[in-house]
Amino acid sequence: MPTIPGRAVPELPSPRPSWERWYSQAAICSDLFSVVAADLFVTVVYRQIPLWTWAGSLAVAVAVPVLAMLSLALAHAWDPRILGSGAEEFRRVGRAYVWVIAVMAVAGYALGTANGHSWVFGALPLAVALSVLGRYVLRRALRRRRRLGDYLRSVLVAGDIDEVLELIKRTPDISQAGWRVDAICLADVRPGEQLPLAIDDTPVIGTEKDIVGITRLHSFQAIAVLPSSGWTPARTERLSWELEGTGTDLLIAPVLMDVVGPRLHIAPVAGVPLMQLSAPTYSGPAWVIKNVFDRIFALAIVVAIAPVLLVIGGAIRATSRGPALFKQTRVGRDGEVFTMYKFRSMVVDAEARIRELAAFDEGAGVMFKIHDDPRVTRIGRFIRRYSLDELPQLFNVVSGSMSLVGPRPPLECEVARYGDDGARRRLFVKPGLTGLWQVSGRSNLSWEESVRADLHYVENWSFTLDLLILWKTVRAVLRPDGAY
């Protein structure tokens with residue numbers, strides 16, 4: 001078996017990994033079980049009538065699982081490319097069930113019967129919940145194996161050094177997405193120039209001219225072509241032809257690497273496929289739904305946890321001098337300032353002591369952070385650890401100055417120091433009580449990582465992404481790494 005520096009690679013191209021096949025089959029079985037279980041529950045437990053006493057009931061009971069599975073297939077909910085990917089997978093599942101509910105509801109109205117309502121508005125919503133739960137369990141199992149280094153696709157990366165470095169920096173995210181960058185081919189090497197042995201411990205095994213030969217020799221399951229000054233459309237087309245029959249997927253990275261999802265479209269113009277980038281929209285029905293959901297859900301949480309808020313406020317007043325609430329001016333959407341509320345977790349003169357602690361700043365960029373901040377009170381350390389100090393921001397959400405999910409709410413001094421790294425685009429939407437920055441590492445993130453997380457949210461917002469972040473926030477709070 002030939003080797004490349006630092007890692008052994010199998011010689012021959014391998015077929016599609018077996019784990020992808022069983023994972024796809026497991027997703028299909030999970031969805032089928034969810035639909036059938038929900039259908040039987042409504043039929044046997046809720047309706048409690050023999051189906052054979054009414055032919056219409058039997059027809060509806062049979063139609064529910066058949067139409068649901070057909071809709072899931074038409075929505076490509078079992079596409080191997082999106083299985084285990086998160087938001088897009090759940091979005092397709094949700095869209096498939098919405099179509100089934102809509103079709104069956106319209107059919108019932110057209111036929112002038114309400115006998116199928118129990119299945120349409122009972123069985124199908126229950127099936128949605130069970131399907132999402134089943135996909136979540138499968139995804140958790142897949143991620144556990146990937147953290148152990150299993151179930152990863154071997155990837156050869158080709159591109160300029162700078163682009164390759166940018167990709168390798170995201171190695172933890174790449175692993176969770178199912179990638180393992182095993183080797184590099186550089187595209188910006190001049191004739192006679194010596195190739196580096198490795199880039200950030202990943203071996204460099206050739207140039208762009210060697211891609212096909214290397215792929216035929218080693219079992220790379222995908223080739224990722226990054227933006228390169230010397231890479232032409234004709235070269236990409238020829239490479240796709242040459243890779244046919246190798247079992248290797250060809251992945252082309254767009255120039256805008258942080259823009260994904262519904263904003264990217266392939267638009268054929270005069271026979272030439274062009275990538276169309278739609279402008280992000282921060283208005284319209286979807287944003288109205290988001291704002292209404294934010295306020296209603298935040299108000300419901302405030303009512304539910306009112307005793308907890310009183311207990312925390314009382315504990316703060318009893319253990320340190322000063323008010324229970326801390327008010328601070330933050331910058332919101334379109335640069336408008338607002339007063340943000342938090343439970344006070346520091347001594348009263350905390351902001352006045354920033355200068356004397358400047359030498360101990362562990363932050364990056366414009367944020368001020370100290371791991372063991374001496375200004376934090378005893379009760380403050382506890383409520384910070386579990387993000388309880390941020391609960392009063394629910395009142396900001398109810399008032400409309402903040403959202404449940406969004407970018408981190410910045411200080412005025414931070415906004416004044418924003419550079420040309422795109423950080424100012426964070427102000428296109430309302431800041432959030434939680435966000436990608438919260439579920440991706442919190443205070444452990446560098447400034448660049450924090451900006452990238454917020455920009456990813458701003459550029460690729462969807463209601464499904466909001467729900468996914470809210471779910472992940474619960475896990476992040478219960479497992480409070482990076483909270484200080």
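Can you sort GLU414, GLU208, GLU336 by 1.4 Å-probe accessible area, starting with the largest?
If we order GLU414, GLU208, GLU336 from most to least accessible, we get GLU336, GLU208, GLU414.
Taking a point 7 angstrom from the Cα of ALA37 along the C-beta vector, which residues in segment 81-113 have backbone N less than 19 Å away?
Within reach of a label on ALA37: 84, 90, 93-94, 97.
What order do PHE33, PHE428 take when sorted by accessible area (1.4 Å probe), most exposed first?
Of PHE33, PHE428, the descending order of accessible area is PHE33, PHE428.
For TRP471 and SER240, what is the calculated FRET efficiency with R₀ set at 56 Å and r taken between the beta-carbons, to the nearest 0.05?
The formula returns an efficiency of 0.90 here.
For THR329 paired with SER18, estimate the spin-label separation in nm (one decimal), with each label point 7 Å from Cα along the Cα-to-Cβ line.
Rounded to a tenth, the inter-label distance reads 6.5 nm.
Can you tell me the FRET efficiency between THR319 and ALA129 if r is taken as the Cβ-Cβ distance and R0 is 60 Å, rounded to the nearest 0.05?
My answer for the efficiency is 0.90.
The values are calculated or read from the model by the stated rules, or taken from the named source; none is laboratory data. Treat the numbers as computed from the prediction; the structure is a model and nothing was measured. Cβ: placed from backbone, ideal geometry, glycine included. Neighbour counts: every protein chain shown. All accessible areas refer to the heavy atoms of the entire protein, side chains included, with ligands and DNA or RNA removed. Shrake-Rupley method; radii C 1.70, N 1.55, O 1.52, S 1.80 Å.
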